[in-house]
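Peer 1: Before anything else, here's the structure in question.
Read-outs throughout are calculated quantities, based only on the coordinates presented, and are distinct from any laboratory measurement. Because the structure is predicted, anything quoted here is derived from the model rather than measured. Methodologically, a virtual Cβ is constructed for each residue, glycine included, from the backbone with ideal geometry; neighbour enumeration extends over all protein chains shown.
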Protein chains: 2
Amino acid sequence: MIKKRIYSPGPVDVSPYTSLEMAKPIMHHRTKEFEAVVADVVQGLKYVFQTEGDVLVFASSGTGAMEGAVVNTLNPGDKAICVVGGKFGERWSQLVSRFGGVPVDITVQWGQAVDPKVIAAKLDADPSIKAVYLQASETSTGVAHPVKAVADIVRKRKDTLLVVDGITAVGVMNMPTDEWGLDIVVGGSQKAWRLPPGLAFASVSAKAWGFVERCKQPRYYFDWAKEKKNLAKNTTAYTPAVSLMVGLAQVLGEIRAEGLDSLFARSASYAQAFRAAMKALGMDLFAPGSPSDSITAVLAPEGIDSGAIVKHLAAKYGITIAGGQDHAKGKIFRVSHMGYLDALDMVPAVAAVEMTLKELGHPVDLGAGVRAAQEVLVGA
Amino acid sequence: MIKKRIYSPGPVDVSPYTSLEMAKPIMHHRTKEFEAVVADVVQGLKYVFQTEGDVLVFASSGTGAMEGAVVNTLNPGDKAICVVGGKFGERWSQLVSRFGGVPVDITVQWGQAVDPKVIAAKLDADPSIKAVYLQASETSTGVAHPVKAVADIVRKRKDTLLVVDGITAVGVMNMPTDEWGLDIVVGGSQKAWRLPPGLAFASVSAKAWGFVERCKQPRYYFDWAKEKKNLAKNTTAYTPAVSLMVGLAQVLGEIRAEGLDSLFARSASYAQAFRAAMKALGMDLFAPGSPSDSITAVLAPEGIDSGAIVKHLAAKYGITIAGGQDHAKGKIFRVSHMGYLDALDMVPAVAAVEMTLKELGHPVDLGAGVRAAQEVLVGA
């Protein structure tokens, strides 16, 4: 018997309680019963996004909400800073240019965080820049970008929006939307929400709604103003992903019962434990300076392809993690700390990495990583 | 105890076998295991769409695939005939104009089918028309439009595409994509596929791919060429709705085991049985001339608001059907014959309508509708 254990940066493990909730008989979406689900979802999303503003929900992957952020706020010809330090930063830049905007890329070396001063300098040099797009947590590199510092710069400028891809950040790391003044924050169900993929979220500030009103970009499925009108009546513009919405209402109930402080503290301790474990094994982190708490990227040892580590973990131990993408391919492996996980779930992950490294010929002091993780977790 | 029974035109009932399949532990989408699911899904979709061409799959509602049909094939300024005889026909027209096209609306009275000659005349009068958009089954009225006759007209014109909303038709009524020469056919998971909502499909002919190549409309999440490239490698461009895809593979297996002929014959017999039942009760059908086999729209008796029938069925009998939309509101109720249904499921539906009508003060010969339905089903 080999159990399946998933530590990928999405999809993440789904609780069997949630899976069974979603397996209940389907309900029609134009009923009082489903309106109550939508009402719960909207309140719960506002809680997790820490906003009194709007949070919209879509039947799509996270990329759909990223596209929505662009087509609802950016006019053709508008310039927008895109922080490009990984695969998802590249996606912002692609989206901006695909819809006729002019991306002003700030290229950051993979594994490093953006320097907010560079953003400030660009904005000072060109006040016509209409938006700053970045990732809170760049899933491809395991970097947490300094969202608060960037927000402090952008918030003062009434003609510039801050758009944050929070797909692997919201619900993991503290990122108070209203307090920091984040205009748009995007999320996806298969991350901290510990649901299957298929739902995307976007918070929208009052300042962002002003941009939406002035935006001439054509849009229909991702028409945010239309979705807002419908959500106000506890319904959705188009047929919602009913079963996922039911699961979302259930998970949001669990999250509210636990409280955000506990959720953030737990996520941080899992990430710290895993990082400590890797260091104890003599491994180097890919993003040591500004690591995300949702995902840890680790450099494979010299002479071992990270893909071989990923494959061995899957084949021998039933563990799903992720390798590197694009030019990090073969170089890093990525382990997530999101989803239906508790502290003890870090132990088999670390143990399996230790055993895999040893089996692939890398010298490992078996148990050293596990002990280091325990030392973090025992104090958490 | 009141059991929930759903006869709405989507979402439809989901088999518990499918629900439990979707409740299995989540798998990562970049794995051999999930590639096998995608391969199954692609083959199964081609079977149901009856095409050797491409069938794409998206994490979205059906409207997302409708938008995709427009943004991948229609250039701004292009004229397109839209058959507008219901709420979903209106959606085609809105989509065309929203993305800069020029809708040439053919307005058809709600409850009636389009006359193909009118389409031929419009195309003859203006050969610059680039597309014809229509519904195979107009869900808001219960009308089946004459898709084959329209296809016979459009197929000959190399500069005009036929785009069919098959959301409540594919998998219910015989509509052989390749044989009839349908360029784009759109589907949605919460209909004949008897899954929760959250997946949309689109078949794309070789002729349609030519239009895609020449289409300058910006697109990203619904970029069909990108999706085609990924599907060829048994993957998807963006994170797929994994659990729904797993359910889809399971349902497609059931459909292939049953065979399309049986599926179409069953659906037709359920619809015929329900129509016969309504006639036996002295009720008038809203679309007597060209009824869809996926959904029957029935005129409420004089003096009874159809909304009251819908509400009574839900409150007293746990049955979900749909009322009328827009100007059919209060006038019609709609009962679907799609989903996880068998012949005997028609009996409680008819019985509950009989009892509801009686309880709302309409004279009814209880059992007369049930008997009429049985007479159809016994010979089926």
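Peer 1: What is the average number of partner chain Cβ atoms found within 10 Å of a Cβ in A:26-37? Spell out each step's value before the answer.
Peer 2: On the way: counts 17, 6, 13, 6, 6, 5, 1, 3, 1, 0, 0, 0.
Average neighbour count from other chains, rounded to a whole number: 5.
Peer 1: Okay, next question. Rounded, prolate or oblate: which one fits region A:330-380, using the alpha carbon gyration tensor with axes a ≥ b ≥ c (rounded when a/c is under 1.5, else prolate when a/b beats b/c, else oblate)? Display every interim value, and only then the final one.
Peer 2: Numbers: a/c = 2.46, a/b = 1.38, b/c = 1.79.
In terms of gyration-tensor shape, oblate.
Peer 1: How far, in nm to one decimal, is B:Asn234 from itself in the other copies if the label point is set 7 angstrom along Cα toward Cβ? Shortest first, please.
Peer 2: Label-point distances to the other copies, shortest first: 4.5 nm.
Peer 1: In deg cm²/dmol, rounded to 500, what helix-only [θ] at 222 nm does chain A give when every DSSP H run of at least 4 residues adds -39500 (n - 2.57) and the total is split over its residues? It would help to have the intermediate numbers written out before the result.
Peer 2: On the way: 14 runs with 162 residues, N = 380.
Value at 222 nm, helices only: -13000 deg cm²/dmol.
Peer 1: Something else: What does the charge count near B:Gln50 come to, summing +1 for each Lys or Arg and -1 for each Asp or Glu among other residues with Cβ under 12 Å from its Cβ? Write down the numbers at each step before the final one.
Peer 2: Working: positive: B:Lys46; negative: B:Glu52, B:Asp178, B:Glu179, B:Asp261.
Net of charged neighbours comes to -3.
Peer 1: Mind checking the mean number of beta-carbon atoms from other chains within 10 Å of the Cβ atoms in B:93-106? List each step's numbers first, then the result.
Peer 2: Working: counts 0, 1, 3, 0, 1, 4, 3, 1, 0, 0, 0, 0, 0, 0.
That average works out to 1.
Peer 1: Same structure again: Find out how many positive minus negative residues lie around B:Glu90, taking Lys and Arg as positive, Asp and Glu as negative, among other residues whose Cβ is under 11 Å from that of B:Glu90. Please report the intermediate quantities before stating the final value.
Peer 2: Details: positive: B:Lys87, B:Arg91; negative: B:Asp105, B:Glu138, B:Asp326.
Overall, the nearby charge balance is -1.
Peer 1: Sort the following peptides by mean Cβ neighbour count (other Cβ atoms within 10 Å, averaged over residues), highest first: A:255-262, A:160-167. Numbers along the way, then the final one.
Peer 2: Working: A:255-262: 12.4, A:160-167: 27.4.
Listed from highest to lowest mean packing, they are A:160-167, A:255-262.
Peer 1: Tell me the label-point distance for the pair A:Asn234, A:Asn75, using the 7 Å Cα-to-Cβ offset, in nm and rounded to one decimal.
Peer 2: In this crude spin-label approximation the distance works out to 3.9 nm.
Peer 1: Subtract the Cα-Cα distance of B:Lys316 and B:Ser15 from 0.36 nm times their separation in residues, and report this length gain in nm to one decimal. Mind showing how you got there, number by number?
Peer 2: Values: separation 301, 0.36 × 301 = 108.36 nm, distance 2.36 nm.
106.0 nm is the gain from fully extending B:Lys316 to B:Ser15.
Peer 1: Name the shape class, rounded, prolate or oblate, that the alpha-carbon gyration tensor gives for region B:277-368, where a ≥ b ≥ c are the square roots of its eigenvalues, rounded holds for a/c under 1.5, and otherwise prolate holds if a/b is larger than b/c and oblate otherwise. Write out the running numbers ahead of the final one.
Peer 2: Working: a/c = 1.25, a/b = 1.04, b/c = 1.20.
Note, shape of region B:277-368 comes out rounded.
Peer 1: How long is the gain from A:Ala225 to A:Ile2 if the chain were fully straight, where each residue apart is worth 0.36 nm and the alpha carbon distance is subtracted?
Peer 2: Details: separation 223, 0.36 × 223 = 80.28 nm, distance 4.81 nm.
Fully extending the segment from A:Ala225 to A:Ile2 adds 75.5 nm.
Peer 1: Okay, next question. Work out the mean other chain Cβ neighbour count within 10 Å for the residues of A:242-255 and drop it here as an integer.
Peer 2: Details: counts 7, 14, 6, 3, 1, 1, 0, 0, 0, 0, 0, 0, 0, 0.
Average neighbour count from other chains, rounded to a whole number: 2.
Peer 1: Copy-to-copy spacing for B:Glu254, label 7 Å out on the Cα-to-C-beta vector, in nm, shortest first?
Peer 2: 2.7
Peer 1: Continuing with the same structure: Quick one: label points 7 angstrom along Cα→Cβ at A:Thr31, distances to the other copies in nm, smallest first?
Peer 2: Those label-point separations list as 3.3 nm.
Peer 1: On to the next question. How far apart, in nm, are the 7 Å Cα→Cβ label points at B:Ala36 and A:Ala265?
Peer 2: 4.4
Peer 1: How many angstrom lie between the C-alpha centres of region A:240-270 and region B:194-269?
Peer 2: Taking the Cα centre of region B:194-269 as reference, the centre of region A:240-270 is 31 Å away.
Peer 1: Select from region B:104-172 those trypsin sites (Lys or Arg not before Pro) which occupy a DSSP coil region and have at most 11 other Cβ atoms within 10 Å, ordered by residue number. Don't skip to the answer; put the middle values down first.
Peer 2: On the way: sites: B:Lys117, B:Lys122, B:Lys130, B:Lys148, B:Arg155, B:Lys156, B:Arg157, B:Lys158; in loops: B:Arg155, B:Lys156, B:Arg157, B:Lys158.
Sites meeting the loop and neighbour criteria: B:Lys156, B:Lys158.
Peer 1: Rounded to the nearest 10 degrees, what's the angle between the helix B:62-71 long axis and the longest principal axis of chain B, both from Cα atoms, 0 to 90?
Peer 2: 30
Peer 1: What does the charge count around B:Arg371 come to, taking other residues whose C-beta lies under 11 Å from its C-beta (Lys +1, Arg +1, Asp -1, Glu -1)? Spell out each step's value before the answer.
Peer 2: Working: positive: none; negative: B:Glu354, B:Asp365, B:Glu375.
Here the count lands on -3.
Peer 1: Mind ordering A:353-364, B:277-288 by average Cβ neighbours within 10 Å, highest first?
Peer 2: Details: A:353-364: 17.8, B:277-288: 19.7.
The peptides rank, most packed first, as B:277-288, A:353-364.
Peer 1: Calculate how large, on average over all directions, the projected area of the Cα convex hull of the protein assembly as shown is; give the answer in nm² to one decimal.
Peer 2: Averaged projected area of the protein assembly as shown's Cα convex hull equals 32.3 nm².
Peer 1: Select from region A:160-219 those trypsin sites (Lys or Arg not before Pro) which occupy a DSSP coil region and have at most 10 other Cβ atoms within 10 Å, ordered by residue number. Numbers along the way, then the final one.
Peer 2: Working: sites: A:Lys191, A:Arg194, A:Lys207, A:Arg214, A:Lys216, A:Arg219; in loops: A:Lys191, A:Arg194, A:Lys216, A:Arg219.
The qualifying sites are A:Lys216.
Peer 1: For region B:192-209, in order, what is each residue's ³J(HN,Hα) by Karplus, 6.51 cos²θ - 1.76 cosθ + 1.60 with θ = phi - 60°, in whole Hz (x at glycine and Pro)?
Peer 2: Here the 3J(HN,Hα) series is 4, 6, 6, 10, x, x, x, 10, 10, 10, 8, 8, 9, 7, 4, 4, 5, 4 Hz.
Peer 1: Answer rounded, prolate or oblate for chain B, using the Cα gyration tensor with square roots of eigenvalues a ≥ b ≥ c: rounded when a/c is under 1.5, else prolate when a/b is larger than b/c, else oblate. Let's see the in-between values first.
Peer 2: Values: a/c = 2.02, a/b = 1.30, b/c = 1.55.
Judged from the Cα gyration tensor, chain B comes out oblate (a/c at least 1.5, b/c at or above a/b).
Peer 1: Please list 3J(HN,Hα) in residue order for region A:157-165, calculated via the Karplus relation 6.51 cos²θ - 1.76 cosθ + 1.60 where θ = phi - 60°; whole Hz, with x for glycine and proline.
Peer 2: 9, 6, 9, 10, 9, 10, 10, 10, 7
Peer 1: Mind jotting down the distance between the C-alpha centroids of region A:70-110 and region B:303-368, whole Å?
Peer 2: Each part reduced to its Cα centre gives a spacing of 52 Å.
Peer 1: Kindly put A:Ile81, B:Ile153, A:Ile319 in sequence by how many other C-beta atoms sit within 10 Å of each C-beta, fewest to most. Present the calculation step by step, with values, prior to reporting the outcome.
Peer 2: On the way: A:Ile81 29, B:Ile153 19, A:Ile319 24.
So the residues, fewest neighbours to most, are B:Ile153, A:Ile319, A:Ile81.
Peer 1: First measure r as the distance between the Cβ atoms of A:Met355 and A:Asp124, then evaluate 1/(1 + (r/R0)^6) with R0 = 56 Å and state the FRET efficiency to the nearest 0.05.
Peer 2: Numbers: r = 52 Å, r/R0 = 0.94.
With R0 = 56 Å, the Cβ-Cβ based efficiency is 0.60.
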